[in-house]
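The values are calculated or read from the model by the stated rules, or taken from the named source; none is laboratory data. The structure presented is a predicted model; accordingly, all values stated were derived computationally and were not measured. Cβ atoms come from the backbone with ideal geometry, glycine included; neighbour counts cover every protein chain shown.
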């Protein structure tokens, strides 16, 4: 594993800004972003093992690198992967969250579009398109998203595996309002010195799937997600987790 250089992993929940964050970190001087062999930002587990084996053997050039980072949002749902990553004591974790009601609508609309368009024929939503192309948000929540939106449960599991000192939580809402500031705070958390922001371009506002599909949730689902988010924020406060929310 890469142990000589500080390492950062970006994880999170559906449609919470992990891609925007890792792109911004990759623009910074001295930050090496590991990607999939095809260039995709999601370094799908367990591909990170191969990357780190190559680095250990000297097959990856890391000269002038002060931070190595990669992202795979679904680490949050994979305890085995988190345990592997936690073995490197120099590795820290950034968790991206968002109002789970907005996350649900965004995820539902994205999967519906995949099912209808057929642009990703290997995606599960297309393979099960009879459901995903036609389901309402309530049915989608029950069948697919309910467990995956339990921020409180998954973040508690992460803290148990890696400890509170190695975790930083950032919200998609804060990144949308000032991505540069969020990246600066995360670089400081990682142990890398925040670089000068001069001449770093600001991206145009991103129109998310949640904004494209303004859907009112059933009251019971809205109340359930409000409870999850409230419990999550209370847990972060109680454990004094570093955060930008």
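Details
- Cβ-Cβ under 8 Å pairs, at least 6 apart or on other chains, the range 87-111 side surrounded by fewer than 20 Cβ atoms within 10 Å (Cβ to Cβ), far side part of a strand (DSSP E or B) and modelled with pLDDT under 95: 88/7; 90/7
- Of all positions in the range 80-100, at least one carries a residue that is farther than 19 Å from residue 190 by Cβ, out of contact with any helix residue (DSSP H, G or I) (no Cβ under 6 Å at 6 or more places or on another chain), modelled with pLDDT of 95 or more and part of a loop (DSSP other than H, G, I, E, B).
- Residue within the range 113-132 that is crowded, with 17+ Cβ neighbours inside 10 Å and either under 17 Å from the mean Cα position of the chain (by Cα) or touching a residue at least 40 places away in the same chain (Cβ under 8 Å) (or both) present: yes
- Within the range 115-153, tally of residues that are part of a helix (DSSP H, G or I) and either touching a strand residue (DSSP E or B) at 6+ places or on another chain (Cβ under 7 Å) or closer than 23 Å to residue 233 by Cα (or both): 8
- Failed item in (1) part of a loop (DSSP other than H, G, I, E, B); (2) within 17 Å of the chain's Cα centre (by Cα), with residue 175 passing the rest: (1)
- Within the range 8-44, tally of residues that are part of a loop (DSSP other than H, G, I, E, B), in contact (Cβ under 8 Å) with a residue 24 or more places away in the chain and farther than 19 Å from residue 67 by Cα: 6
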